[in-house]
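Before any comments, here is the structure.
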Amino acid sequence: MNSTEDKIYFYPVWLRIWHGINALGIILLIVTGITMNSGFEKGLIEFGLNMKLHNFAGAIVSLNYLVFLLGNLVTSNKKFYIVKPRNFLKRPMKQAYYYAWGMFHGMQTPYPLSEKRKFNPLQKYAYIMVMYFAVPLVIVSGIGLMFPELIFNQVYDISGVLITAVTHSAMGFFISIFLIIHLYVASIGKSPLDNFRSIVNGWHHITKK
Amino acid sequence: MKVSLSILLFFLCLSSSVRTQAQYYDTPKEHDCLKCHSQQTYSFHNELMGTDDKKLMNPYYIIDTLGLREGVHKQFDCTDCHSYDYTTYPHNANLKLEPLATCLDCHGGDESFASYQFDKIQEEFQKSVHYQAYGDNFTCAKCHSQHTYTATARNSNSILEIVDYSNKMCLSCHNDMRRYGLVSGQENPALIDVHSWLPNQELHFKHVRCIECHTAVEDDLMVSHNIRAKEEAVRRCAECHSENSLLKASLYKYQNLQERAEDGSIIGVLSNENYVIGSHQIPILRTISLLIFFAALGGIIIHGIFRIIYKK
Ligand code: HEM
């Protein structure tokens, strides 16, 4: 590695606070959610308490999601979430190729990060899917389960409560898978822990040629 | 003299106004009808013989006075529904022919009871095995005594009480040869034998309503009324036991509203402990999610191994 190193201030304070609360909240939601869905009666903690934790964590993550929306609305962070139609599929494919093959064969990263580019294309797509599709759906369906009178009663022959519950768990599952991959991919960096330091202190190492 | 008259009048008014809003049934022994219809025996003056006779009351005509006083129709007097001619005994034989109002006669299309959805219930009930088999002879009153019914599932906050109340409505007939025979003319199959495949029957019948297994759930009805043929009854243990689906969808909505009614604050809403089955109820989704999970994990492990080998 004979490239010079540089740091960019990628993650402003509000984003780091949002992310911290979000990460802790979602982990709690996943743990309590899985507990609820498994074992009859005797989970780690008593069922009722587990439910309450899940409800409270859900409310906090939902409010926190507003922080994310608002933050992106008023700051320039939103620009990192804009997708260009050109090479819509080619760009993430190239990045995937890099992860699967190139990085082990001395290839340079095809989309080096800079002030203009905070995420590589794959990362961008994943963040958009999770933040603008999965999380909103999980919040809406969660509200539906909490206030079941708001739910449409039936779609064809299937109960609305059931559809809402299934949507909720399916999106919850999707977010869990995202989290696993998110954590793993974040460990690909200057050193495995480097990116995790970034999301705490805000400064991201980039490699300059 | 005048003063005492007006005092008398005042008390008359007072007592009659109290009477209109409160209980007809507080003192059964003095009530026109309950003096006979709440007792094991009744007496009447035999005008023909000039004697006072005492006889046994038909047990099916004895009305539970506690139930009466709590029932939804407690502010009715007997003769609001039954003919006033019943006040004389022996009752006129033609009174048997008197038509009695059904639930729908009074509640059908009435806005003030819209939340109960009487018309929808009627519609659902007409699809049920009972109506299919016996038509209009199987009235709502076969399950719902107009005398004592209370909307328990709606107003109680104890699941055990709700289950008990609801199951008694079915058992009053299915466990009673005579009532059952009254509708069907056949013998009732012993429920214990019919459900012999269900372990721990007693516990189940205390914790789940008959209708939980025997009806098609209608989300927008608090109590689903479409009792289906036995072939369609829930028998798969997994529908309740596989996951922690403490309550099925119908009861879920209920409990949730219920708890909100008691504690509408934000904390109250968040503290509710109700749970409804999610996607793992659908086996295919469960399989798919396991596949995705292991694919992701496998990918990560393989990639990780390569990273270690190449020291990336
Ligand atoms: C313990 C859990 C988590 C850890 C350790 C973690 C770590 C990180 C790291 C290191 C980054 C920097 C990105 C990079 O350099 O690759 C990041 C960014 C991000 N993470 Fe997480 N994350 C966690 C949970 C989550 C969850 C649950 C979500 C969403 C549901 C999430 C959404 C995001 C988003 C949207 C960004 C980009 C933020 C931006 O810069 O606009 N993270 N995270």
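The values are calculated or read from the model by the stated rules, or taken from the named source; none is laboratory data. Computed from a predicted structure; not experimentally measured. Cβ sites come from the backbone with ideal geometry, for glycine too, and all protein chains shown count toward neighbours.
From the list A:Ile139, A:Ile151, the lone residue that is at pLDDT 90 or above and either among the aliphatic types (A, V, I, L, M) or surrounded by 14 or more Cβ atoms within 10 Å (Cβ to Cβ) (or both) is A:Ile139. Would you confirm, using the coordinates I've provided, whether A:Leu145 is within 14 Å of chain B (Cβ to nearest Cβ), within 14 Å of the ligand (Cβ to nearest atom) and of a type in the set (A, V, I, L, M)? So A:Leu145 does not fit the description; no. For segment A:181-197, filtering for residues that are at the interface with chain B (Cβ under 10 Å from one of its Cβ atoms) and more than 10 Å from the ligand (Cβ to nearest atom) leaves 3. The sole residue among A:Pro85, A:Pro110 that is surrounded by 12 or more Cβ atoms within 10 Å (Cβ to Cβ) and away from the ligand (no atom under 13 Å from the Cβ) is A:Pro110.
Restricting segment A:113-135 to residues that are touching a residue at least 40 places away in the same chain (Cβ under 8 Å) and more than 11 Å from the ligand (Cβ to nearest atom), the residue that is farthest from the other protein chains (Cβ to nearest Cβ) is A:Glu115.
All of (1) over 26 Å from B:Cys81 (Cα atoms); (2) surrounded by fewer than 17 Cβ atoms within 10 Å (Cβ to Cβ) hold for B:Phe205 with one exception: (2). Just a yes or no: is a residue in segment A:57-71 away from every other protein chain (no Cβ under 14 Å) and farther than 21 Å from A:Val13 by Cβ? Taking every residue of segment A:57-71 in turn, none turns out to be away from every other protein chain (no Cβ under 14 Å) and farther than 21 Å from A:Val13 by Cβ. Out of curiosity, is B:Tyr131 crowded, with 17+ Cβ neighbours inside 10 Å and without any contact (Cβ under 8 Å) to a residue 40 or more places away in the chain? So B:Tyr131 passes the test. Restricting attention to segment B:118-159, the residues that are closer than 14 Å to B:Leu104 by Cα, in a helix (DSSP H, G or I) and more than 12 Å from the chain's Cα centre (by Cα) total 9. Here is the figure for segment B:152-173: residues that are surrounded by 16 or more Cβ atoms within 10 Å (Cβ to Cβ) and without any contact (Cβ under 8 Å) to a residue 24 or more places away in the chain total 3.
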